Amino acid sequence: MARKYEQLAADIVKNVGGKENVIQLAHCITRLRFKLKDESKANTDVLKNMDGVVTVVQSGGQYQVVIGNHVGDVYDEILGYHGISGVGGVDVQEDDDAPKKPLDLFIDTISGIFTPILGVLSAAGMLKGLLALLASFEIISRNGGTYAIMNVVSDAFFFFLPIFLGYTAAKKFKMHSEFTAMAIGAALVYPSLAQLRSGDVLYQVFQGTMFASNVNVEFLGIPVILMNYASSVIPIVLATWVAAKIENFFFQRIGPTFKSFGVPFLTMLITIPLTLIVVGPVSTWLGQIVGFLATSFFNLSPIVAGIFIGFFWQMLVMFGLHWGLVPVMLNNVVTLGYDEVVTTMFGASFAQTAAVLAIFLRTKDTKLKGIALPAFFSGIFGVTEPAIYGVTLPRKKYFIFTCIGGGVGGALMALLSVKLYIFGGLGIFAYPCYIDPNSGDVSGMYYAMLVSAVSAAVGFILTFVTYKDEAVAEAAPAPAAPAPATPATESAEPELKAETLASPLTGNLVSMENIPDPVFSSGALGQGIAVEPTEGKVFAPADAEVTTLFPTGHAIGLKTENGTEVLIHIGMDTVDMEGKGFTTHCAQGDKVKKGQLLIEFDIAAIKAANHPIITPVIVTNSASYKEIKPVTGSTIKQGDNLIDTVL
């Protein structure tokens, strides 16, 4: 009997540089995780375009080939017939404790702090933009109650941003209690601090320098320079880092009887005054200096800077390097009231989206059309990962065309001096962010629309005029992959039927784009939705067969009686918990009934291991359906309708 994944396994080994280039191989629920001697020997583009491979991710010293539900079979095939050393279904973590380069450490820290709040940050920014739009066109009065309440709705998140960043920074810095950091953030925006700032001035310090400041109050005889910390970013991040060190010091020295309240008591007692006296003012000045330097550099040659940022923005995003610029944008908005530096990247997503539309119109490849059309629609709203990874990047020339469109847009943004006043929506939802909320001037919004149109035109025209379908060089021989084993197997496959999947979990709904993993969020593994569970139980979403059950119990693959293939992945990177906190109640190959308990998991243990508990529920054979329609709303109960598959 022919082996089903023989050719795919052989092609993967060949294109990672051969077995002599492989140090070790592991796998998780969707990915082969290679440790290679030399990653430059791998044919990444060939692998990404190979049938049976979803995409390739290079991260943390691992070369990850994303397969999907059948990764275990491909893994076994590689180990069984290619003589490669494997460690089974466990991530290779040797590099986790290795020292990181300063830039890598900075980007990893910033992305870890900001990623969890991006969804709400964008939503709040969209609300602010909508309010500015309504007020500018005099649909509502700035002096009325409607405006006042809408301002509360849209501005509350930004005003209390230090509290939210305290929580995410605490998780990133591995504090034992995130609520201690939130208390520090709350102290920074406590109303009486603003009252003290507006009180009588005792004296000035640092006179004659750029740091000259009023002193309105003293603490134990020490002058306190009170800053405005509402909407600030850098002070709470640095304060939480300091708090993590202080907390850890006391955590190791206080006995279990007093630890639960003693450690937070001492941490807050020391950190909050220290932050108000030293950390807050210094970090505020640091933010002002960063903003000044960025703006000064931009002012030396705005057009050159705009071209550079616009052209390279998508590449920066792909490697995560854009996180080094996001704080600059936020800091400029907070300190100056606007940003005109980083916002020159605005046209890049529109160039990308238009290029995908051009490919959709020109290609005769039905598979590519099926990828390009949904990628185009998601790109309109600023989500370009499907467009980049699924369409343009594998066809390098057209990706470069989108970068050119982004560069032209960046130059135009700089030439027109377009300013971003609100950090918020993406794609077309970002237009209102360019309305001046103080004066109501809407010219910036019109300029942003012009820039997006020009960038889109460049990307579309360059791609449309030059596009032609090409075979992927050095790809696996066409007949080899599907030939030997499929006729009998395919005839035995049940006919697909549309169905409604029940929610396997109880919790809060999380949209695809907000899943903190690019492979899931981009839709590379299929369409679906995620749940942030409030109960540690996974139930069968339909009558199905357990096709994949990872030994650690953190993920399960199912195939329903109607042919829907479902992946449920509990948390992010939970494979490295090695099964701790997970209890399985089924086995691979079992037939299960809708509502049957499949897995129990310990939410507290996952959080204690600093892993997000967001759990994707993905239809991995989404391409077989006309549409995958997740439910809308904010919460879900186990057993409620979650996903409709439409043929």
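Odds and ends about this structure:
- Filtering segment 434-454 to residues that are modelled with pLDDT of 90 or more and either touching a strand residue (DSSP E or B) at 6+ places or on another chain (Cβ under 8 Å) or open to solvent by less than 20 Å² (accessible area, probe 1.4 Å) (or both) leaves TYR434, ILE435, GLY444, MET445, ALA448, VAL451, SER452.
- Close pairs from segment 274-289: first closer than 19 Å to VAL333 by Cα and touching a residue at least 60 places away in the same chain (Cβ under 8 Å), partner of a type outside the set (A, V, I, L, M) and open to solvent by less than 40 Å² (accessible area, probe 1.4 Å), Cβ under 6 Å, at least 6 apart: GLY280/PRO235
- Counting only residues that are under 17 Å from VAL391 (Cβ atoms) and surrounded by fewer than 19 Cβ atoms within 10 Å (Cβ to Cβ), segment 507-520 holds 1 of them.
- Hey, LEU373 open to solvent by 60 Å² or more (accessible area, probe 1.4 Å), more than 16 Å from PRO518 (Cβ to Cβ) and part of a helix (DSSP H, G or I) or not: yes
- Hey, GLY405 under 30 Å from LEU286 (Cβ atoms) and open to solvent by less than 10 Å² (accessible area, probe 1.4 Å) or not: no
- If you go through segment 383-404 and pick out every residue that is modelled with pLDDT of 95 or more and over 24 Å from the mean Cα position of the chain (by Cα), you end up with 2.
- Comparison of ILE225, ILE234, ILE163 shows that the only residue that is buried (at least 20 other Cβ atoms within 10 Å of the Cβ) and either under 24 Å from the mean Cα position of the chain (by Cα) or of a type in the set (Ser, Thr, Tyr) (or both) is ILE234.
- Criterion: within 22 Å of ASP155 (Cα to Cα) and surrounded by 13 or more Cβ atoms within 10 Å (Cβ to Cβ) - qualifying residue of ALA243, ALA181, ALA239: ALA181
The values are calculated or read from the model by the stated rules, or taken from the named source; none is laboratory data. Given the structure is predicted, the values throughout are model-derived calculations rather than measurements. Glycine also receives a Cβ, built like all others from the backbone with ideal geometry; neighbour counts cover every protein chain displayed. Quick note on the areas: whole protein, heavy atoms, side chains included, nothing else; ligands and nucleic acids left out. Shrake-Rupley method; radii C 1.70, N 1.55, O 1.52, S 1.80 Å.
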